[in-house]
Amino acid sequence: MSPATRLSADERRRMVLRAAVVEFARGGLDGTSTETIAQRAGISQPYLFRLFPNKKALFVAAVERCFQQVLETFEEAAEGLAGEDAMVAIANAYGKLITDDRDLLMLQLQAYAAGNDVDVRAATRTGYGHLWQAVQRISGVDDDAIRQFFAYGMLWNTVAAMNLDEYDAPWAQMCLPDDMRGKYQPKN
């Protein structure tokens with residue numbers, strides 16, 4: 001893009017959200033400054049506040065975008081599939097997503113950690129609910145299978161956040177039950 005090209009407010013908003021995901025993934029809601037986000041986005045802090053009324057609104061928007069990206073990944077991965085095949089495809093796509101985009105994973109974890117805030121909690125519940133409903137709709141499996149699927153997903157979040165694949169301790173290698181290996185295990 002040439003220096004003379006002006007970005008629309010929507011384009012700037014998307015740039016700020018990308019920068020916010022990176023910074024909030026590292027520092028969370030309380031530990032991230034809007035100045036740092038503005039610098040990463042290449043805009044002034046006052047302009048950031050023209051796009052988002054306050055830091056919490058920006059955090060919530062970043063969390064919403066994060067869940068939307070995961071939802072889109074689920075839907076694309078399962079296109080034309082149902083049942084166990086859909087769930088395996090979703091799990092593999094999610095495993096790749098959180099491996100390839102660590103900031104997305106860490107922002108999810110920061111969102112859960114900021115759950116004491118009513119607005120963050122509402123956004124997180126809504127986003128997680130949309131994921132749950134999508135897997136339920138796409139797969140058509142029973143409630144117990146959905147519960148198990150999401151339990152494994154949260155376990156994978158923890159495993160990925162700690163980079164256990166790089167840790168050689170016996171407990172780390174055995175952190176997954178035998179029945180899970182190869183079932184919903186993300187492929188790296």
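What nm value, rounded to one decimal, do you get for the distance between residue 117 and residue 96 when each label is placed 7 Å out toward the C-beta?
Here the modelled spin labels are 3.3 nm apart.
Once phi is turned into θ = phi - 60°, what whole-Hz ³J(HN,Hα) does the Karplus curve with 6.51, -1.76 and 1.60 give for every residue of the range 112-125, x standing for Gly and Pro?
5, 5, 8, x, 5, 7, 4, 6, 5, 4, 4, 5, 5, 4
Considering the values [x] 1.00; [y] 1.46; [z] 1.13, which represents Cα Rg over 2.2 N^0.38 Å as calculated for the structure under consideration?
[z]
Considering the Cα positions of the range 78-128, please state its Rg to one decimal place and its Dmax as a whole number of Å.
Final numbers for Rg and Dmax: 13.8, 39 Å.
Just the number please: accessible area per residue for the range 54-145, 1.4 Å probe, all protein chains included, in Å². Walk me through the numbers on the way to the answer.
Values: 4340 Å² over 92 residues.
Averaged over the residues of the range 54-145, the accessible area is 47 Å².
Using a basic spin-label model with each label point 7 Å from the Cα along Cα→Cβ, how many nm lie between residue 171 and residue 76?
It is 3.7 nm.
Once every DSSP H run of n ≥ 4 in the chain is given -39500 (n - 2.57) and the sum is divided by its residues, what mean residue ellipticity at 222 nm do you get, rounded to the nearest 500 deg cm²/dmol? Kindly include the intermediate steps, with their values, before the conclusion.
Details: 9 runs with 136 residues, N = 188.
After summing the helix terms and dividing by residue count, I get -23500 deg cm²/dmol.
What do you get for Rg/Rh of the range 1-87 when both radii come from the Cα atoms and Rh is the Kirkwood radius?
Numbers: Rg = 16.2 Å, Rh = 14.4 Å.
That ratio is 1.12, to two decimals.
If you roll a 1.4 Å probe over the range 12-161 with all protein chains in place, what percent of the accessible area is carbon or sulfur? Before the final figure, lay out the partial values.
Details: 3560 of 7170 Å².
Carbon-and-sulfur percentage of accessible area, whole number: 50.
Mind pulling the angle between the C-alpha long axis of helix 143-161 and the longest principal axis of the chain? Nearest 10 degrees, somewhere in 0 to 90.
It is inclined by approximately 60 degrees.
Suppose we flag trypsin sites (Lys or Arg not before Pro) only when DSSP calls them loop and at most 16 other Cβ atoms lie within 10 Å. Which is the longest uninterrupted stretch of the chain?
Answer from the scan: 7-180.
Could you check the simple spin-label distance between residue 69 and residue 5, using points 7 Å along Cα→Cβ, in nm with one decimal?
Spacing of the two 7 Å Cα→Cβ label points: 2.1 nm.
For residue 56 and residue 136, FRET efficiency with R0 = 35 Å and r from the beta-carbon atoms, rounded to 0.05?
Numbers: r = 30 Å, r/R0 = 0.87.
Rounded to the nearest 0.05, the efficiency is 0.70.
The values are calculated or read from the model by the stated rules, or taken from the named source; none is laboratory data. Everything quoted here is computed from the prediction, not taken from an experiment. Virtual Cβ from ideal backbone geometry, glycine too; neighbours counted across all protein chains shown. Surface accessibility is based on the protein's heavy atoms, side chains included, excluding ligands, DNA and RNA. Shrake-Rupley method; radii C 1.70, N 1.55, O 1.52, S 1.80 Å.
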